[in-house]
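Encoded as structure tokens, the structure appears first; notes follow it.
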Amino acid sequence: PNGIILLHDYFPDQRPLWADNKVIPGPSLAIERMRRQGADLQAIPLGTLPWPTKLKSSVTSLAVLSRAKEDFTLD
């Protein structure tokens, strides 16, 4: 009941996260579709990590999926 799911390749609004402009739309589109169908979900992108990731940045496509009504932050 209080679980969360870690998503990989989550591109909010199908926008590129890195300079290569590549986007994998599947996870973001799936969350949007489930929400349209009434699922109480929110995806919280992790944004940046404290270590290097792809293309010499610290940006990540990881996101946490939880219930939308939960008071959940990644501070």
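The values are calculated or read from the model by the stated rules, or taken from the named source; none is laboratory data. None of these values were measured; they are calculated from a predicted model. Backbone-built Cβ (ideal geometry, glycine too); neighbour counts: all protein chains shown. These accessible areas exclude ligands, DNA and RNA; they are computed on the full protein's heavy atoms, side chains included. Shrake-Rupley method; radii C 1.70, N 1.55, O 1.52, S 1.80 Å.
With the dipole of the chain worked out from charges on the C-beta (+1 for Lys and Arg, -1 for Asp and Glu) around the Cα centre, which of 64, 17, 38 lies farthest toward the positive end?
17
Hey, what angle do you get for helix 26-36 against the long axis of the chain, alpha-carbon based, 0 to 90 degrees rounded to 10?
Rounded to the nearest ten degrees, it is 20.
In the chain, carbon and sulfur make up what percent of the accessible area (probe 1.4 Å)?
That share works out to 55 percent.
Run the paramagnetic zone check for residue 32: 7 angstrom along Cα to Cβ, then residues of region 2-18 with backbone nitrogen under 20 Å.
Within reach of a label on residue 32: 7-18.
In percent, how large is the relative contact order of the chain, given Cα pairs closer than 8 Å and 6 or more residues apart?
35
What are the extents of the Cα atoms of the chain along their three principal axes, listed from largest to smallest and rounded to whole Å?
Computed over the Cα atoms, the extents are 37, 25, 13 Å.
Counting Lys and Arg as +1 and Asp and Glu as -1, each charge on the Cβ, what is the dipole of the chain about the Cα centre in debye, to the nearest 20?
Computed charge dipole of the chain: roughly 220 debye.
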